[in-house]
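Laboratory data are not the source of any read-out in this text; all were calculated from the coordinates shown. Source: prediction; values computed, not measured. Counting neighbours? That spans all protein chains shown, and the Cβs are built from the backbone with ideal geometry, glycine included.
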Amino acid sequence: MGAQLRVYKRRIRSVTATKKITKAMEMIAASRIVKAQRQVAASTPYATELTRAVTAVATGSTTKHPLTTEADAPARAAILLITSDRGLAGGYSSNAIKAAERLTERLRGEGKEVVTYVIGRKGVAYYGFRERKIEDSWTGFTDSPTYADAKRAAAPLIEAVTQETAEGGVDELHIVFTEFVSMMTQNPVDSRMLPLSLDTTKEEEGKGEILPLFDFEPSAEDVLDALLPRYVESRIYNALLQAAASEHAARRRAMKSATDNAGDLIKSLSRLANAARQAEITQEISEIVGGASALADATAGSDK
Amino acid sequence: MAAELHVELVAADRSVWSGEATLVVARTTSGDIGVMPGHQPLLGVLESGPVTIRTSEGTTVVAAVHGGFLSFADDKLSLLAEIAELADEIDVQRAERALERAKSDTDSAAERRADVRIRAVAVR
């Protein structure tokens with residue numbers, strides 16, 4: 001076998017092996033999207049009920065609470081960025097990071113100091129490589145987050161918000177994650193979690209529902225005290241679940257195009273290999289023919 | 001027709017139980033509270049403990065609730081808890097083992113959780 005043909009054959013083998021891997025990853029990601037979507041759906045009743053309750057307290061009482069009132073001059077803001085632990089998901093992590101960068105720029109432009117909290121190894125690596133400061137980070141659960149993970153991430157954030165700004169606390173809490181719109185569309189979004197803006201909760205709540213005057217047990221302040229941390233946790237949990245679904249969808253898409261590309265590559269490589277084989281055969285034939293006629297010429301010459 | 005209230009018992013990651021009931025007894029931070037149809041709108045903080053739901057079919061559903069909220073309006077009652085389990089789902093032996101372990105490890109949170117589970121089963 002000719003040297004060129006051998007090289008083509010080897011490349012075809014290696015691309016075929018890669019294609020098998022990407023195909024397997026595509027299928028795994030596709031099956032996980034469905035699971036992640038189910039989890040998002042399962043967590044929705046809790047989130048909607050909680051939002052209802054928060055809206056009810058916030059509108060139904062005149063209580064002032066650090067988590068609902070806006071600071072006069074907000075000086076520090078916290079950003080929670082959700083990225084993935086693993087790569088091979090196309091632009092998933094970098095898009096989320098870019099959204100966080102934009103938000104950071106905007107907040108800096110408004111004269112606020114920004115502290116960053118990161119979930120996911122990719123985000124940690126990005127900030128680590130650029131030697132930017134991360135306040136806190138969590139990794140290892142972005143594939144299938146549980147409520148306990150959300151709770152773990154929420155605890156220091158809530159603590160930072162309740163602290164006085166002068167003592168290292170923050171005035172605002174933003175979250176950046178990738179919203180799962182459909183199998184094909186996932187958008188990185190940023191939203192402000194705290195202080196609570198009533199307009200956004202009302203929008204989520206559904207239009208024009210009049211909330212009854214609630215009786216609070218034990219008191220409006222205590223209810224709000226207990227309710228708001230849960231609200232933050234639930235929002236983070238929901239964001240984590242959506243981000244997980246988006247990650248799997250992004251990975252599925254990336255792996256699908258990788259598989260398609262590998263297929264194309266195999267096709268063009270086998271064309272080249274065929275041409276090389278054919279050229280080899282042609283050469284052999286012409287060599288044989290040439291050799292035979294040379295022999296014939298030689299014997300014809302000796303006859304004389 | 002007897003008045004009924006619609007109950008939704010939801011945990012953070014799933015909906016645990018929903019249906020019609022005539023009476024719901026839960027423990028808030030300021031004491032036990034019973035909610036019947038027509039109760040005034042209420043929003044309360046729940047203590048860890050068993051919640052008893054008397055369904056309109058006359059059966060009783062007991063659930064272990066680990067902290068959370070209760071909100072009632074328009075004859076609709078929502079019980080929100082980070083973790084909630086029906087008494088039927090609880091494995092008593094496992095809960096007892098967890099209680100033993102929590103006691104020896106002096107893990108007060110785990111001890112409380114196991115205790116709530118066992119109490120919920122006892123009420124049933």
- Query: Okay, which of the range A:133-174 sit inside 12 Å, backbone N to the point 7 Å along the Cα-Cβ direction of A:GLU113?
  - Reply: A:165-171
- Item | B:ASP74 versus B:ASP105: modelled label distance in nm, points set 7 Å from Cα along the beta carbon direction | 4.4
- Note on the structure: quick note, the protein assembly as shown, DSSP beta bridge pairs, % antiparallel (nearest 5) is 65
- Note on the structure: Distance in Å, no decimals, from the C-alpha centre of the range A:99-122 to the one of the range A:246-292 is 47
- FRET efficiency, A:GLN278 to A:LYS98 (Cβ-Cβ, R0 60 Å, nearest 0.05): 0.75
- Note on the structure: In this structure, the FRET efficiency calculated for A:ALA73 and A:VAL7 from their beta-carbon separation, with R0 = 60 Å, to the nearest 0.05, is 0.30
- Item | Degrees between helix B:108-123 axis and first principal axis of chain B (Cα, 0 to 90, nearest 10) | 50
- Let me know the shape class of the range B:5-87, please: from the alpha-carbon gyration tensor, a ≥ b ≥ c as square roots of the eigenvalues, rounded when a/c is under 1.5, otherwise prolate if a/b is greater than b/c, or oblate. rounded
- Item | Antiparallel content of DSSP bridges confined to the range A:26-256, in %, to 5 | 35
- Task: Quick one: compute the contact order of chain A, relative version, from alpha carbon pairs under 8 angstrom and 6+ residues apart, as a percent.
- Result: 32
- Item | Global geometry of the range B:1-46, whether rounded, prolate or oblate, following the gyration tensor of its Cα atoms and the 1.5 cut on a/c | oblate
- Item | Principal axes of chain A: Cα extent on each, largest first, Å | 126, 38, 29
- Of the listed links A:LYS20/A:LYS267; A:LYS35/A:LYS133; A:LYS122/A:LYS151; A:LYS98/A:LYS256; A:LYS20/A:LYS98; A:LYS9/A:LYS256, those spanning more than 27 angstrom between alpha carbons are A:LYS35/A:LYS133; A:LYS20/A:LYS98
- Kindly identify the range A:1-125 as rounded, prolate or oblate by the Cα gyration tensor criterion: order the square roots of the eigenvalues as a ≥ b ≥ c, call it rounded if a/c is under 1.5, otherwise compare a/b with b/c, prolate if a/b is larger, else oblate. oblate
